[in-house]
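Notes follow the structure.
The values are calculated or read from the model by the stated rules, or taken from the named source; none is laboratory data. Not measured: the values here are computed from a predicted model. Positions of Cβ are generated from backbone atoms using ideal geometry, with glycine treated the same way; all protein chains shown enter the neighbour counts. Just the protein is used for accessible areas: all its heavy atoms, side chains included, with ligands, DNA and RNA removed. Shrake-Rupley method; radii C 1.70, N 1.55, O 1.52, S 1.80 Å.
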Amino acid sequence: MFDRIKAALSSLTAGLTQRTLGDEELDELLGQFEVSLLESDVAREVVANIVSKLKEDLAGLRIHRSVDSRSYVRIKLSESIHALIANKATPNVLELIKSKRSSGEPFVIVFLGINGTGKTTTIAKFAQMLKNHGYSVVLACADTHRAGAIEQLAEHASRLSVKIVSQKYGADPAAVARDAVLHARTQHLDVVLVDTAGRMQTYRNLMEEMSKIIRVAKPDLKIFVGDALAGNDAVSQAKEFLSFTDFDGAILTKSDADVKGGAALSIAYATGKPILFLGVGQTYQDLVPFDPDVFLDSLFSEA
Ligand code: GDP
């Protein structure tokens, strides 16, 4: 995972610390670093932020000649990346569910994102995780547009042995979400996971539909699902969804196949919302909590 961004960090630290650099050499090295970050799908604004902070820090390095420059550069880089991804209050989903359940009401999560990102699979993984923690789950198929969407979710529900609430294609998705919440309430189920459409005639229609589902289902949590492999497209999608839905956090799928590693940084920075989980494979167990410290350790593991 993330090999390209790791390589960029590694060659920068090596370049900075193996020799004393003149201003021109330093600019060239930082220029190369900028290009490598952009090639790793780190969004332009994030690259600008990291590089300008690094320039300030390097001025510090020239003053403190006595410090070990290699670890200094590593610490400073890791500090600025940490500030980008970790400076956000990350909700503890399991704690939130526990606290809502103590009031007797079901906990409702709406999943948002365009088709093909892995949203449905992520919902199934999420259901598995909740089951592992002893919670009962109902899935709501509020994608009533895409042919096959209901069958796909029903297949997951049957494999996971959880209940699904759906209606016919063309039905009102907000009504499906509301039915699922009522079902959970009467059956004393813990969590409702709402799958939503990922494509409609226009983006605006899609966003209006999402807004309506949110108004009706009143979710406790709205989670954007983005595809790590979609790079900067995932960032623009996240921004678009954020402006209409004000989601609470994101899940990045397909991180197992992501050699670049820029999407996590970029989405966290561009939306100001935390990354909650990473999808790391195609089985139900392949959903792991996103931990900024573990992410950073993995980026610097060979640097
Ligand atoms: P949806 O259209 O957003 O609901 O996408 P699906 O859930 O149907 O997933 C699309 C494809 O992505 C499927 O082949 C999934 O198995 C695959 N997928 C989903 N999450 C991951 C992941 O974390 N890693 C990998 N490698 N594949 C994934």
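Worth a mention:
- Over all projection directions, the Cα-based convex hull of segment 211-303 averages an area of 6.6 nm².
- Dipole of the chain, positive direction: furthest Cα of PRO219, PHE290, LEU265, with charges on the beta-carbon: PRO219
- In this Cβ point-charge picture (+1 for Lys and Arg, -1 for Asp and Glu), the chain has a dipole of about 940 debye about its Cα centre.
- Note on the chain: with neighbouring protein chains present and a 1.4 Å probe, carbon and sulfur make up 49 percent of its accessible heavy-atom surface.
- Under 5 Å from the amide H of VAL108 lie the amide H atoms of VAL192, ASP220, LEU221, each residue being 5 or more positions distant or on a separate chain, with H modelled from the backbone and absent for Pro and chain starts.
- Between LYS218 and SER103, the distance separating the two model label sites (each 7 Å from Cα on the Cα→Cβ line) works out to 0.8 nm.
- Rounded to 5, percent antiparallel among DSSP beta bridges of the chain: 10
- 3J(HN,Hα) from dihedral phi, segment 140-151, Karplus parametrisation 6.51/-1.76/1.60, rounded to Hz, x for glycine, proline: 10, 8, 9, 9, 9, 9, 6, 4, x, 4, 5, 5
- Per-residue extension of 0.36 nm, minus the Cα-Cα distance of HIS82 and ASP297, leaves a gain of 76.3 nm for this segment.
- Rounded accessible area per residue of segment 181-273, 1.4 Å, Å²: 38
- Given LYS100/LYS131; LYS100/LYS273; LYS100/LYS125; LYS119/LYS254; LYS100/LYS218, the pairs whose alpha carbons are separated by over 19 Å: LYS100/LYS273; LYS100/LYS125
- Cα-centred dipole magnitude for segment 29-169, charges only on beta-carbon of K, R (+1) and D, E (-1), debye, nearest 20: 320
- Cross-link reach is defined here as a Cα-Cα straight distance under 15 Å, omitting same-chain residues fewer than 8 places apart; for LYS239 the aspartates and glutamates meeting it are GLU45, ASP227, ASP248.
- Computed FRET value (nearest 0.05) for GLU24 with ALA171, which takes r as the C-beta separation and R₀ as 51 Å: 0.20
- Sorting the segments 249-262, 123-136 by their mean number of nearby beta carbons within 10 angstrom, highest to lowest, gives 249-262, 123-136.
- Mean accessible surface per residue for segment 116-158, computed with a 1.4 Å probe while every protein chain stays in place, in Å²: 32
- Within segment 169-303, percent of DSSP bridges classed antiparallel, to nearest 5: 25
- Cα long-axis angle, helix 44-63 against the chain (0 to 90 degrees, to the nearest 10): 30
- Long-range HN-HN contacts of GLY249 with modeled amide H, under 5 Å: LYS222, PHE224
- Kirkwood Rh, Cα atoms: Rg over Rh of segment 93-299: 0.94
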